[in-house]
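Here's the structure, in structure tokens; my notes come after.
The values are calculated or read from the model by the stated rules, or taken from the named source; none is laboratory data. Keep in mind the model is a prediction, meaning the values are calculated, not measured. In this analysis, Cβ positions are derived from the backbone assuming ideal geometry, glycine residues included, and neighbour counts consider all displayed protein chains. For accessibility, only protein heavy atoms count, side chains too; no ligands or nucleic acids. Shrake-Rupley method; radii C 1.70, N 1.55, O 1.52, S 1.80 Å.
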There are 2 protein chains.
Amino acid sequence: MIPLEDFIDKYKKKIELELSKEMDRQDAPDSLKKAMKYSLDAGGKRIRPLLVLATMSAFEKDCERGMKTAAALEMIHTYSLIHDDLPSMDDDDLRRGKPTNHIVFGEALAILAGDALLTQSFSLISSSDLSSDQKIRIISELAKSSGPEGMVGGQVADIEGENKQLSIDQLESIHLRKTGRLLQFAVLAGGIMSEATAAQLHHLEQYALHIGLAFQIRDDILDVEGEEEEIGKPVGSDQSRNKSTYPALLGMDKAKQKLEFHILEAKKSLSALQFEQSLLHSIADMIAKRSS
Amino acid sequence: MIPLEDFIDKYKKKIELELSKEMDRQDAPDSLKKAMKYSLDAGGKRIRPLLVLATMSAFEKDCERGMKTAAALEMIHTYSLIHDDLPSMDDDDLRRGKPTNHIVFGEALAILAGDALLTQSFSLISSSDLSSDQKIRIISELAKSSGPEGMVGGQVADIEGENKQLSIDQLESIHLRKTGRLLQFAVLAGGIMSEATAAQLHHLEQYALHIGLAFQIRDDILDVEGEEEEIGKPVGSDQSRNKSTYPALLGMDKAKQKLEFHILEAKKSLSALQFEQSLLHSIADMIAKRSS
């Protein structure tokens, strides 16, 4: 098995190349392309597309076939960040230490760049080298995961939950939709492209559910204990915004226990798949320990 | 042949029923569904989905099979209206005589309702009763027509053209992308679902190109000569916004001649298809004469 660091090094570059090829190919107004590229190029961990490819690698499939689907997923994630940062939403001026899209390009172009990335992601999948049946399954899952029943619904619930004391169940339900569904899509898409069985897809979804919650808990912990330079935003920003978080609701110790619990559950799903020796296992560990 | 009025009466209701069934089925936050439904229910001519079905009818196909694709297209159109009306874009308070989405639900929910409708449209097509090959062709065309190379790109060019004196070619290029591409998608989708040949699809696209331009010229003429009550917005609003229009660039007489020219060209494409007796012919006439 290739070590996770090497896999990330190799495929992060390939994903970024795929995104940049897709943008170069497009016949769209320059200003729009510039705004789209600005956010696509803003870096980040590329955890979602890497999960797509790591899943294919767990099934010993050729990751190249998943490249367009992986890039499409990163486009969806990027659009969601652009729209979330808008003044009428989270009103963020900085993202990963750089000015947000609407700060650089203005609100109108930021909204349209988001719309364009969202739309283009479906075009990218439909142009990929998969069977029509696979493409339709993937498109259907992507639309469900990112639409009103998934990510967009989660963002609505998140906004409505601001300045309210949420229960831990409510908080979890928001995270499951806002970030969890797209992580689940990543492993589902990887599984579909690897011709996984329904039972295997189920275990993959469970794995993603647990690493998704772990990811969010780690995020909340970093907001209290992290280094501003590493996390790219001010420490304590959740608290200053009155956001419900795991440490705030459970206390720091229990939040950390919950993080451990979800990582263990994620690994149990991998056992069921006999994927203990896979990159997905290393990714679970990476999420538990990440510092940015 | 069923008269156009009867066809519209019958299928407008069916399209609206399809949209409402799709919304009822969705497991999303109530506020989000309310905002989506508000704009979907706001009426309008439903010209795009009707074109999908009228094309199938011209091929003597069962329109029922096209209902989900037709509804998906109306979702895309509706999302584009919601986002276009936003304060950072056209900043419109009224649409079809009713307060715009962001006036009623606030900007954040309006942006998210648009995102949700855009995403859901792809889900709706992928759930339709078509072959996977047909679905992928339709999804690919829809994403291209409505994305950065199509409608979204046209909206960017439109915003950038404000308060500038455009040439007639520039004006045309904006309209072709901003409204033309989605009308072309309508007949293409109808054609694909009717198993049209490549030559037939080409003529259908030409037809849609010309009725699209005719539609826009008629819009500009109505903005000068129309009745406020019928068009649902103040007469002269283009002029007061300093927008380039056909009557402003060409004079009213030449604008009317150009309208006639495009209707004739549209009908020529129908001749090539031997569709002179079809609803598409009546739709061309309707566009030339519409008063709202």
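Hey, could you check the range A:30-40 for residues that are within 17 Å of B:Gly150 (Cβ to Cβ) and open to solvent by less than 20 Å² (accessible area, probe 1.4 Å) and say which is farthest from the other protein chains (Cβ to nearest Cβ)?
A:Ala35
Among the residues in the range A:67-86, are any more than 13 Å from chain B (Cβ to nearest Cβ), of a type in the set (Lys, Arg) and in contact (Cβ under 8 Å) with a residue 40 or more places away in the chain? No, the conditions are met nowhere in the range A:67-86.
Does the range B:168-176 contain at least one residue that is within 14 Å of the chain's Cα centre (by Cα) and surrounded by fewer than 21 Cβ atoms within 10 Å (Cβ to Cβ)?
yes
Summed over the range A:1-13, the residues that are in a helix (DSSP H, G or I) and either surrounded by fewer than 17 Cβ atoms within 10 Å (Cβ to Cβ) or among the acidic types (Asp, Glu) (or both) give a count of 5. Residues of the range B:125-134 that are facing chain A (nearest Cβ under 8 Å) and either among the hydrophobic types (A, V, I, L, M, F, W, C) or touching an Asp or Glu at 6+ places or on another chain (Cβ under 7 Å) (or both): B:Ser132 alone. Taking the range A:110-124 as the range and being facing chain B (nearest Cβ under 7 Å) and either open to solvent by 10 Å² or more (accessible area, probe 1.4 Å) or small (Gly, Ala, Ser) (or both) as the test, the residues that pass are A:Ala116, A:Ser123.
What do you reckon, is B:Leu19 part of a loop (DSSP other than H, G, I, E, B), open to solvent by less than 10 Å² (accessible area, probe 1.4 Å) and of a type outside the set (Val, Ile, Thr)? So B:Leu19 fails the test.
Right, B:Ala198: in contact with a helix residue (DSSP H, G or I) (Cβ under 6 Å, 6 or more places away or on another chain) and away from every other protein chain (no Cβ under 14 Å) or not? Criteria not met by B:Ala198. Inside the range B:41-63, residues that are open to solvent by 40 Å² or more (accessible area, probe 1.4 Å) and more than 25 Å from B:Met193 (Cβ to Cβ) make up a count of 1. Condition check for A:Asp91 on (1) assigned to a helix (DSSP H, G or I); (2) more than 8 Å from chain B (Cβ to nearest Cβ); (3) more than 17 Å from the chain's Cα centre (by Cα); (4) surrounded by fewer than 22 Cβ atoms within 10 Å (Cβ to Cβ): one failure, at (1).
The set of residues from the range B:135-154 being outside any helix (DSSP H, G or I) and within 7 Å of chain A (Cβ to nearest Cβ) comprises B:Gly147, B:Pro148, B:Glu149. Take the conditions (1) under 19 Å from B:Val156 (Cα atoms); (2) in contact with a strand residue (DSSP E or B) (Cβ under 9 Å, 6 or more places away or on another chain); A:Ala42 misses just one of them, which is (1). Among the criteria (1) farther than 30 Å from A:Asp62 by Cα; (2) surrounded by 17 or more Cβ atoms within 10 Å (Cβ to Cβ); (3) more than 12 Å from chain B (Cβ to nearest Cβ), the one A:His102 does not fulfil is (3).
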